[in-house]
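Engineer: Quick one: the structure is below, questions incoming.
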Amino acid sequence: MRSVPLRRREITPDASRVVISSRFCHAEVDVADKQMILLKLVFRIFDDRADPRGMKDLPDTQTQLSPDGNPRAVSVRLESRNMSKAKGTRRHDFRIGKLPNYVNKDRVDLNCTLMPMRPLPEIQKENAELRKKAGRQRAMKSNAAVITSGIITFGREAARMFETLPPDRQDDAFRNLAKAIAAQLDTSLESLVVHLDESTIHAHFTLRSYTTAGLALSEAAKRGTMARLQDLAAEIMQQYEPGIERGHRKWDRIEAGADYPDTLHRSVRELHQDLPAELEVLRRQRDEQQRALAEISSERKAERVALDALLADREDVETDLDLMREEQQTRIAELARMKADEKAQQAELDVLTASADKTRRHLAELDAKAVEEEKKDKRRKTYLVRLEKKETEIAAQQADLARRSADTAAAEAALTETARHIETREADLALREQRQTEAAETTRLKGVQLEAEAVDVSRREEEVAAARSNLETEAEEVRTQKWELDTSLAAIDHVLGAVETGAIRVNDNGKITLDDTAPVLAAPKFLRSRLLPSIIRLVRKIDETDKRASRVEEMMTRVRRLLCRPDVPKDVEKEANEITLDWDM
């Protein structure tokens, strides 16, 4: 549990109120004169418990300067833990007791303990022996660090890359990195646990808080130690996943254009102020993008309906085109048949024309010879009749041939028009398909962009949710510390009231008795251990003062009786009266 340092303590000039201020609360407490000593003692106790060193932000860097953090980076953080905080670290790392709200209870069994932790008293004893071995004369403080807690985390992209590795490769990477950090700091690795029940994979490890030379890690870690640890983490992780990189350094980010406040770790108070506004902005962005996505979806649905209608129309057009093509083929076949018939009729006409010419030649021969014979006259008449029949048939054939030629020309013109109409319909259909394809591609690109933005908003919401869960955890710690402070003040008030009313007293056997010990027993153990000795000394001092006052009163009574004797000289009697008056005042 993280202690909260009291940033401001003021005592009003009339010593009736004390102002207590921290980053989480502000309170003014009414006190009496006799409470000043105990309140100062409580302030000193809380100052001793407050750990001014929090989790340090890691410097980060990369070959290319960027104002943002590196999403492909691995990161290592360290924090010292005294005995009480070390117990909380053990409960958190090994999931002992009540689980935090941000933990997925269905995935707790997926966590992997790569190295269990030794008993904390054993580690504390080893730390004391190392100090003694280093020649330290003073005893180790009760709130001295027992272990150093560490965490190995990844950026978003680095976590995705690392999670693709087989579990045994992940365990080897965490194990080798933790051992390398322990070797770099000249200490021992005490525990290592891989957590898979939170938003992203990470590992918690603990180190002995003293080096083998007997120095505290906070003293042994010089400037640049954390930067070297980041280099070491990137170097080892790249052996398992080459895509993982080192984080950006703070000053490199500032040089690349980042604002200095953006590179700092925000405190809990700042998160209280900033997270609601940031969450509200993210929610508005998400709502706007969801509305835009809904509009795009409705547009895509409308375009899909239009596309379906166009496809149905296209099917109808293709059916019409097929029918027109079949009709065209039929007409082409009919035209070919008509041309064949025309050719055959032309051949017959040529035969008839040749036969008529031959008949005319016979008639000319007969007329030239002037044959008066009846037989030749009869033959002439027969040829004339035949000639008339052939000429009539020739005229009929010519008329039919002209009609067929006209029909063929009309069929060819209709076929040409049909082909032109088909080409026009096909060109129009191709243009509509091209436009629809372009519109569908534009819609798809918009949908992909909105989906990417939705994924980014979801990721940022997860980050805000994780920050909120951390904030709730720290708020719970603050509430616990506030309860400790309230119970401590209640115990102080109860003890001071008991002193005033005599409920706490020294018995004849020299032991101190308190009528109601419940408020004192309800106070935190660390307060009782620091406060009770002072209270006991105060009560004994008051009891001693009361006994001395009783003895002085008894002696004064004897002095009065002595001074009231009639044989007292006059000058002594006057001085005795003045002493009596001063005592009665």
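The values are calculated or read from the model by the stated rules, or taken from the named source; none is laboratory data. Since we're looking at a predicted model, the values are computed, not measured. Here the Cβ is made from the backbone with ideal geometry for all residues, glycine too, and neighbour counts use every protein chain on show. Please note that ligands, DNA and RNA were not included when accessible areas were found on the heavy atoms of the full protein model with its side chains. Shrake-Rupley method; radii C 1.70, N 1.55, O 1.52, S 1.80 Å.
Engineer: With an 8 Å cut-off on Cα pairs and a minimum separation of 6 or more residues, tell me the relative contact order of the stretch 188-246 in percent. Kindly include the intermediate steps, with their values, before the conclusion.
Structural biologist: Details: 45 pairs, mean separation 11.9, N = 59.
Relative contact order, the stretch 188-246: 20 percent.
Engineer: Check the straight Cα-Cα distances from Lys343 and name the lysines below 24 Å, setting aside those fewer than 8 residues away within the same chain.
Structural biologist: Partners within reach: Lys358, Lys389, Lys390.
Engineer: Residues in the stretch 446-474 near a label at Ile296, defined as backbone nitrogen under 13 Å from the 7 Å Cα→Cβ point?
Structural biologist: 446-457
Engineer: With N set to the residue count of the stretch 433-585, report its C-alpha Rg divided by 2.2 N^0.38 Å to two decimal places. The partial results should precede the final answer.
Structural biologist: On the way: Rg = 38.6 Å, N = 153, 2.2 N^0.38 = 14.9 Å.
Normalised Rg, Cα atoms only: 2.59.
Engineer: Could you state the orientation-averaged shadow area of the convex hull built on the Cα atoms of the stretch 282-337, in nm² to one decimal? Please report the intermediate quantities before stating the final value.
Structural biologist: Values: hull surface 17.1 nm².
Convex hull of Cα atoms, orientation-averaged projection: 4.3 nm².
Engineer: Something else now. To the nearest µm²/s, what D does Stokes-Einstein give for the stretch 416-523 at 25 °C and 0.890 mPa s, using the Kirkwood radius over alpha carbon pairs as Rh? Numbers along the way, then the final one.
Structural biologist: Values: Rh = 22.1 Å.
Diffusion coefficient, whole number: 111 µm²/s.
Engineer: Over its Cα atoms, what ratio of radius of gyration to 2.2 N^0.38 Å does the stretch 91-167 give? Don't skip to the answer; put the middle values down first.
Structural biologist: Working: Rg = 18.2 Å, N = 77, 2.2 N^0.38 = 11.5 Å.
So the stretch 91-167 has a normalised radius of gyration of 1.59.
Engineer: Could you work out the relative contact order of the stretch 86-197, using alpha carbon pairs under 8 angstrom and six or more residues apart, expressed as a whole percent? All intermediate terms of the calculation are to be shown ahead of the outcome.
Structural biologist: Numbers: 72 pairs, mean separation 57.9, N = 112.
Value for the stretch 86-197: 52 percent.
Engineer: As I understand it, the dipole of the stretch 415-507 uses +1 on the Cβ of Lys and Arg and -1 on the Cβ of Asp and Glu, about the Cα centre. Which of Leu445, Thr480, His494 lies farthest toward its positive end?
Structural biologist: Leu445
Engineer: Which FRET efficiency value, to the nearest 0.05, do you get for Lys339 and Gln398 by plugging their Cβ-Cβ distance into 1/(1 + (r/R0)^6) with R0 = 22 Å?
Structural biologist: Numbers: r = 17 Å, r/R0 = 0.77.
Computed FRET efficiency for Lys339 and Gln398: 0.85.
Engineer: Can you list residues from other chains, or at least 5 along the same chain, whose modelled amide H is less than 5 Å from the amide H of Ser191?
Structural biologist: Distant-sequence amide H within range of Ser191: Thr206.
Engineer: Based only on the alpha carbon positions, what is the Kirkwood hydrodynamic radius of the stretch 366-471, in angstrom? Please report the intermediate quantities before stating the final value.
Structural biologist: On the way: mean 1/r = 0.0429 Å⁻¹.
For the stretch 366-471, the Kirkwood estimate is 23.3 Å.
Engineer: How much accessible area does Arg228 have with a 1.4 Å probe, in Å² rounded to the nearest 10?
Structural biologist: Spelled out: Arg228, probe radius 1.4 Å, area about 110 Å².
Engineer: Could you compute Rg(Cα) / (2.2 N^0.38 Å) for the stretch 495-585, with N its residue count?
Structural biologist: 1.69
Engineer: In addition: For a quick check: with amide H placed at 1.01 Å from N, whose amide H comes under 5 Å from Arg249's, ignoring anything fewer than 5 positions away on the same chain?
Structural biologist: Asp60, Thr61, Gln62
Engineer: Let me spell out the model: positive unit charges on the Cβ of Lys and Arg, negative unit charges on the Cβ of Asp and Glu, origin at the Cα centre of the stretch 80-223. What dipole size does that give, in debye rounded to 20? Present the calculation step by step, with values, prior to reporting the outcome.
Structural biologist: Numbers: 25 positive and 16 negative charges, 178 e Å.
Charge dipole of the stretch 80-223: 860 debye, to the nearest 20.
Engineer: Please report, as a whole percent, how much of the solvent-accessible surface of the stretch 281-438 comes from carbon and sulfur atoms (probe radius 1.4 Å).
Structural biologist: Within the stretch 281-438, the accessible surface is 52 percent carbon and sulfur.
Engineer: Roughly how many Å is it from the Cα centre of the stretch 131-200 to that of the stretch 222-248, as a whole number?
Structural biologist: Cα centroid to Cα centroid, the span is 14 Å.
Engineer: Which of the trypsin sites (Lys or Arg not before Pro) across the stretch 483-585 are loop residues per DSSP, with 10 or fewer other Cβ within 10 Å?
Structural biologist: Working: sites: Arg505, Lys511, Lys525, Arg528, Arg530, Arg537, Arg540, Lys541, Lys547, Arg548, Arg551, Arg558, Arg560, Arg561, Lys570, Lys574; in loops: Lys511.
Answer in residue order: Lys511.
Engineer: Next question, about the same structure. Across all directions of projection, what mean area in square nanometres is found for the Cα convex hull of the stretch 136-179?
Structural biologist: On the way: hull surface 20.4 nm².
In nm², the orientation-averaged hull projection of the stretch 136-179 is 5.1.
Engineer: Which of the GluC sites (Glu not before Pro) found in the stretch 412-496 are in a DSSP loop and have at most 16 neighbouring Cβ atoms, other than their own, within 10 Å? If you can, show how the numbers build up before the last one.
Structural biologist: Numbers: sites: Glu412, Glu417, Glu423, Glu426, Glu433, Glu438, Glu441, Glu451, Glu453, Glu461, Glu462, Glu463, Glu472, Glu474, Glu476, Glu477, Glu484; in loops: none.
The qualifying sites: there are none.
Engineer: Give me the accessible area per residue for the stretch 448-585, probe 1.4 Å, as a whole number in Å². Don't jump to the answer; show the numbers that get you there.
Structural biologist: Numbers: 9380 Å² over 138 residues.
Dividing the accessible area of the stretch 448-585 by its residue count gives 68 Å².
Engineer: How large is ³J(HN,Hα) for each residue in the stretch 519-532, as worked out from phi by the Karplus curve 6.51 cos²θ - 1.76 cosθ + 1.60 (θ = phi - 60°), to whole Hz, x for Gly and Pro?
Structural biologist: These are the phi-based 3J(HN,Hα) values: x, 5, 5, 6, 5, x, 4, 5, 6, 4, 5, 8, 8, 4 Hz.
Engineer: Round to a whole number: what % of the accessible area of the stretch 447-585 belongs to carbon and sulfur, probe 1.4 Å?
Structural biologist: Values: 5230 of 9390 Å².
Heavy-atom surface of the stretch 447-585 belonging to carbon and sulfur, 1.4 Å probe: 56 percent.
Engineer: Right, here's the next one. Give the lysines reachable from Lys179 as a straight Cα distance under 21 Å; neighbours fewer than 8 places away on the same chain don't count.
Structural biologist: Within reach: Lys56, Lys222.
Engineer: Using amide H atoms built in the peptide plane, which far-off residues or other-chain residues are under 5 Å from Val146 H to H?
Structural biologist: The answer is Arg81, Asn82, Met83.
Engineer: Oh, and also: At most 13 other Cβ atoms within 10 Å and a DSSP loop assignment: could you name the trypsin sites (Lys or Arg not before Pro) in the stretch 81-116 that fit? Spell out each step's value before the answer.
Structural biologist: Working: sites: Arg81, Lys85, Lys87, Arg90, Arg91, Arg95, Lys98, Lys105, Arg107; in loops: Arg95, Lys98.
In loop regions of the stretch 81-116 (DSSP not H, G, I, E or B), the sparsely surrounded trypsin sites (Lys or Arg not before Pro) are Lys98.
Engineer: With the other protein chains left in place, how much accessible area per residue, in square angstrom, belongs to the stretch 181-249 at a 1.4 angstrom probe?
Structural biologist: Heavy-atom accessible area per residue stands at 37 Å².
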